[in-house]
1. Under a straight-distance cross-link criterion of Cα-Cα below 29 Å, which lysines are reachable from K36, leaving out those fewer than 8 residues away in the same chain?
2. Cross-link candidates for K91: which lysines have Cα within less than 25 Å, leaving aside residues fewer than 8 places away along the same chain?
3. Which entry is the computed mean projected area of the Cα convex hull in nm² for this structure: (i) 10.7; (ii) 8.4; (iii) 8.8?
4. Using 0.36 nm times the number of residues separating T16 and S140, minus their current alpha carbon distance, what extension gain do you get?
Amino acid sequence: MSHTITLTVPGDISYTRVASSSASQAAELFLLSIDKLEKKTEFCHAFELAISEAFANAVNNANDLTEPQPITIQFIRKGSTLTATVSDRNKPFSIETPMPDISTYPENGFGLMLIRNVMDCVSCSRKDNTNTIRMSKTAS
């Protein structure tokens, strides 16, 4: 059985905490529903970080727009896997970004690297002028 939670948030950086807190709560509800609450801290933090980074990327990708576009976040439960998607209607972006040069101490460029490190599967697509980053993690 599959369950979905959908949240639409204004595409403004001040809403990052709303997005990341919602991710942590959705992950906790997911773990509770499959009786895996002993994995709570690591699992919930992974979703909180991944959503925070994906949300910030979507907001930053809209920097040339005069009106911020809403960002849609979905959490989809299927079996022992929780998948989150972050979708926006901003300009296209690529998930195939190069690794940042750590020696130059860049302020940006670590988001996708962090997401890839905490999630089991990460993909990106663009369809009908909508960017979607899809991130999944299985509770084991």
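Each reported figure results from applying straightforward, stated rules to the coordinates on display, with no laboratory input. Since we're looking at a predicted model, the values are computed, not measured.
1. Counting by Cα, and skipping residues close in sequence, K36 has these lysines nearby: K78, K137.
2. Qualifying lysines at Cα under 25 Å: K127.
3. Read-out taken from this structure: (iii).
4. Working: separation 124, 0.36 × 124 = 44.64 nm, distance 2.81 nm.
Extending this stretch completely gives an extra 41.8 nm.
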